[in-house]
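See structure below.
Each reported figure results from applying straightforward, stated rules to the coordinates on display, with no laboratory input. It should be emphasised that the depicted structure is a prediction, and the values quoted were computed from it without experimental measurement. For neighbour counting, all protein chains shown are included, and Cβ atoms are generated from backbone atoms with ideal geometry for every residue, glycine included.
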Amino acid sequence: MIYQTTLQTKVGLLILKSTETHIIQIDWSKTIYTDKKHSPLPTVLQNAIQQLEDYFSGSRKIFNLPLKPQGTPFQQSVWKELMSIPYNKTISYSELAIKINNPKAARAVGSANGKNAISIVIPCHRVIAADGTLGGYAGGIDRKAFLLQHEKST
């Protein structure tokens with residue numbers, strides 16, 4: 001069974017989805033949705049809401065949630081490496097490709113980043129272009145800039 005709800009943040013609306021035990025999606029949304037059929041929300045989803053609220057208030061720098069992202073083995077390797085980027089740090093797509101032992105895969109790394117369905121917790125916003133520009137972000141460049149500035153200021 002899949003559970004879902006939304007969370008209003010300083011920078012927009014997030015949709016959160018989970019199984020009974022794992023987070024499977026945290027992504028930007030334009031539609032408010034609360035799962036009324038399955039109230040109350042499972043503990044894992046309640047914890048995700050609390051941890052995201054803590055993150056946006058500046059009191060959380062590391063997430064502690066069971067995640068179950070769905071993707072190819074290559075995407076999984078990129079997302080796993082994303083989890084090792086410290087709060088308030090950035091790396092380039094090419095540096096990330098090197099870290100997963102695939103130095104020629106910077107574009108593929110960018111594509112995997114764009115398919116990350118667990119935004120913020122799997123911090124794809126911390127990956128920037130080699131020239132220091134922000135590059136792309138599925139949630140929009142304005143949100144990426146906000147998240148990086150938020151981490152810099154807390």
task: For residues that are surrounded by 14 or more Cβ atoms within 10 Å (Cβ to Cβ) and under 23 Å from GLN149 (Cβ atoms), tally how many sit in segment 54-80.
output: 4
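Return yes or no: is THR5 part of a loop (DSSP other than H, G, I, E, B) and touching a Leu at 6+ places or on another chain (Cβ under 9 Å)?
Working: part of a loop (DSSP other than H, G, I, E, B): no; touching a Leu at 6+ places or on another chain (Cβ under 9 Å): yes.
No; evaluated as a whole, the condition is false for this residue.
Kindly establish whether TYR93 is hydroxyl-bearing (Ser, Thr, Tyr), closer than 23 Å to PHE63 by Cβ, out of contact with any Cys (no Cβ under 7 Å at 6 or more places or on another chain) and buried (at least 18 other Cβ atoms within 10 Å of the Cβ). Give the steps one after another, and end with the answer.
Numbers: hydroxyl-bearing (Ser, Thr, Tyr): yes; closer than 23 Å to PHE63 by Cβ: yes; out of contact with any Cys (no Cβ under 7 Å at 6 or more places or on another chain): yes; buried (at least 18 other Cβ atoms within 10 Å of the Cβ): yes.
Yes.
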message: Give me the residue from segment 115-154 that is under 20 Å from GLU53 (Cα atoms) and hydroxyl-bearing (Ser, Thr, Tyr) and, out of that set, surrounded by the most Cβ atoms within 10 Å (Cβ to Cβ).
response: SER119
